[in-house]
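Notes follow once the structure below has been shown.
Just so it is clear, none of the values below were taken in a lab; they were calculated from the coordinates. Please read these numbers as outputs of a predicted model, since none were measured by experiment. Every residue, glycine among them, receives a Cβ derived from its backbone with ideal geometry; neighbour counts consider all protein chains shown.
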Amino acid sequence: MPTLPKTDELLIRRSFFARAVHAVLFELIAVAMTTIFFVVIMKKSILDMGALSVIISLTATAWNAVYNYLFDRMQKRFGFSRTKNIRILHTLCFEVGLTFATVPIVAYWLDTSFFNAFWLEAALLLFFLPYSIIYNYIYDKIYICIKQRGKH
């Protein structure tokens, strides 16, 4: 096994609780922002669009747990660091997988075609790609600081 930087080891060895906190914070911020987006774009009620945002969020949370677990295992096995390019690739692959899961949900909820639902999801990607990269970068930095402080 290749040797990873200590900071990457800290990230890979996160507990279930730490992973849950990561996912819940990510989704709470995302639900608030996507609900507003849906209300403005779709001209529908905040309750209706809030419910859709929560459904998408629950789907994303489940996918996030599986995807990041597999990503961490891959990182440990192949020994790559979380460089800027790896973070971008990580986010792109996550969003592609999530799009396959959420397009049918959006199409059903909004009573629209898969084509229209896909374009709505594409618009959301313009938000989520930078949001995911920035959120994960900041969260990882804070997590590492907290863990390293706890060892002194």
What is the distance, in nm, between label points placed 7 Å from the Cα along the Cα-to-Cβ direction at Thr59 and at Ile29?
2.3
Förster-model FRET efficiency, 30 Å R0, Asn85 and Asp48, C-beta, rounded to 0.05:
0.15
Using the Cα centre of the chain as origin and beta-carbon charges of +1 (Lys, Arg) and -1 (Asp, Glu), tell me which of Gly150, Thr83, Tyr108 is placed farthest towards the positive end of the dipole.
Gly150
Residue farthest toward the positive end of the dipole of the chain, with Cβ of Lys/Arg at +1 and Asp/Glu at -1: which of Ile134, Ser45, Leu11?
Leu11
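Per DSSP H run of n ≥ 4, the term is -39500 (n - 2.57); total these for the chain, divide by its residue number, and report the mean residue ellipticity at 222 nm rounded to 500 deg cm²/dmol. Don't jump to the answer; show the numbers that get you there.
Numbers: 5 runs with 130 residues, N = 152.
Counting only the DSSP helices, I get -30500 deg cm²/dmol.
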Residue with peak Gaussian network fluctuation, the chain [Cα springs, cutoff 10 Å], from Thr59, Thr83, Thr35
Thr83
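Where nothing but the Cβ of Lys and Arg (+1) and of Asp and Glu (-1) is charged, how large is the charge dipole of the chain around its Cα centre, in debye to the nearest 20?
Values: 16 positive and 9 negative charges, 179 e Å.
With only Lys, Arg, Asp and Glu charged at Cβ, the dipole is about 860 debye.
With r defined as the distance between the Cβ atoms of Ile41 and Ser15 and R0 fixed at 35 Å, what FRET efficiency is calculated, to the nearest 0.05? The partial results should precede the final answer.
Working: r = 38 Å, r/R0 = 1.08.
The value I calculate is 0.40.
Rounded to the nearest 0.05, what FRET efficiency do Trp119 and Tyr69 have when you use their Cβ-Cβ distance and R0 = 25 Å? The partial results should precede the final answer.
Numbers: r = 31 Å, r/R0 = 1.23.
That pair, Trp119 with Tyr69, gives E of 0.25.
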